[in-house]
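Student: Handing you this structure, nothing more for now.
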Amino acid sequence: MNRVNKLREVLMKKKLDGFLITSTINRNYISGFTGSTAAIMLTQKNALFVTDSRYTEQAKKELGRGFEIKEIKSSKEYYQAFLEVINKDNVKTLGVEAKHLTISQYEVLKKNLLKIKISLESSLVENLRETKDEDEVICIKKAVEIAETAFNKTLKKIKPGVRETEVAADLEYNMRLLGSEGQAFPTIVASGERGAMPHGLASTKKINRGELIVIDFGAVCKGYCSDLTRTVGLGIINGLKRKQYKVVYEAQQMAVSSIRSGVSLSVPDKKARNYLKKNGMEKHFTHGLGHGLGRNVHENPSIGSKIKGIFKAGMVVTVEPGVYYAGSHGIRIENDVIVNDKGCELLGADQRRLVVL
């Protein structure tokens, strides 16, 4: 069943006569269109794709079957095109993407569609995106491969006196050389005490001997992201930090071993958190264990001790336990895995050993 028909089934269950797609990523997921300006009005009978003259030819080449392309010249014509479908298909209740509409856009929509009940929907397409098909998995695997290969090249760049921004730039350059379409997110390079910031973007700080360096990075392949974190050391790393790294790695392994289709989304986080607690480190683990991965670097589902729901075969998720010691250092290990009925498949290399440069 193609994605349009899957979404139509969802609309029937939600008792929505139509659905307006304005999110760039959701629009691409449903239609295959990679341009930046368009909207889709979907009903049970029609799939209207509205764009302007800059993207008409592109839409003709990229859209899947079943879409009618409507070229417009002004924003007012958007609503006229929508109304044609609404009237033709007797749409009474129209779903819109609540997460992707500004208040002003919503007000304009209500003004132009006066007789229509507008239903704010939060995650209709996002929920479909939770599980990946074979082609999507291939793209994510390639994005992981690019990121890991680039990272291994960049390790040679890390020396005393090199700035975090230089490491980030080298890593991003290497990913580009290997075919990445860009960065999945701004690269994090946080050395020494800056490693205690889970999202510490690369700064002009110089890296010193004896420091741990947390590097969080991701590549993009055909629009699909990877998300990896590696912690490496420079020079002599003391025994306490090495022990902490070992515990974080073991916590990650316990979490990974618990993931399979049908298991609660809270279980892996609890496994990792309990193991860190056993080793006196739980209070330093200050975020959830992971999240879904795909067209966005952060997608459904979230993985945390209080998250409801279950893992489904085909989900691609991150597993990223970390500990953070203010004024000293941080340690995080993050890998991407594909969920299946028997467990999960690890994408990329296992990070058992602390790499010391």
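Every read-out reported here was derived from the displayed coordinates using simple, explicitly stated rules and does not represent laboratory data. This structure is a prediction, so every number in the text was calculated from the model and none was measured. Cβ atoms come from the backbone with ideal geometry, glycine included; neighbour counts cover every protein chain shown.
Student: Test Gly292 against the stated conditions and say whether it is touching a residue at least 12 places away in the same chain (Cβ under 8 Å), in contact with a His (Cβ under 8 Å, 6 or more places away or on another chain) and within 19 Å of Cys225 (Cα to Cα).
Tutor: yes
Student: Related question: Which one is farthest from Asp17 (Cα to Cα) among residues in the range 55-90 that are part of a loop (DSSP other than H, G, I, E, B) and under 28 Å from the mean Cα position of the chain (by Cα)?
Tutor: Tyr55
Student: Which count do you get for residues in the range 155-168 that are in contact (Cβ under 8 Å) with a residue 24 or more places away in the chain and in a helix (DSSP H, G or I)?
Tutor: Count: 5.
Student: Also, I was wondering about something else. Of all the residues that make up the range 298-351, how many are touching a residue at least 12 places away in the same chain (Cβ under 8 Å) and part of a strand (DSSP E or B)?
Tutor: 28
Student: Find all pairs meeting these conditions: Cβ atoms under 6 angstrom apart; at least six residues apart or on different chains; first residue within the range 249-271 and without any contact (Cβ under 8 Å) to a residue 60 or more places away in the chain; second residue part of a helix (DSSP H, G or I) and aromatic (Phe, Trp, Tyr).
Tutor: Short answer, once both residue conditions are applied: Met254/Tyr275.
Student: Could you list all residues from the range 25-47 that are crowded, with 21+ Cβ neighbours inside 10 Å and either in contact with a Phe, Trp or Tyr (Cβ under 9 Å, 6 or more places away or on another chain) or in a strand (DSSP E or B) (or both)?
Tutor: Arg27, Ser31, Phe33, Ala38, Ile40, Met41, Leu42, Ala47
Student: Can you name the residue in the range 180-201 that is in a loop (DSSP other than H, G, I, E, B) and in contact with a helix residue (DSSP H, G or I) (Cβ under 6 Å, 6 or more places away or on another chain) and is also nearest to Gln351 (Cα to Cα) among such residues?
Tutor: Thr187
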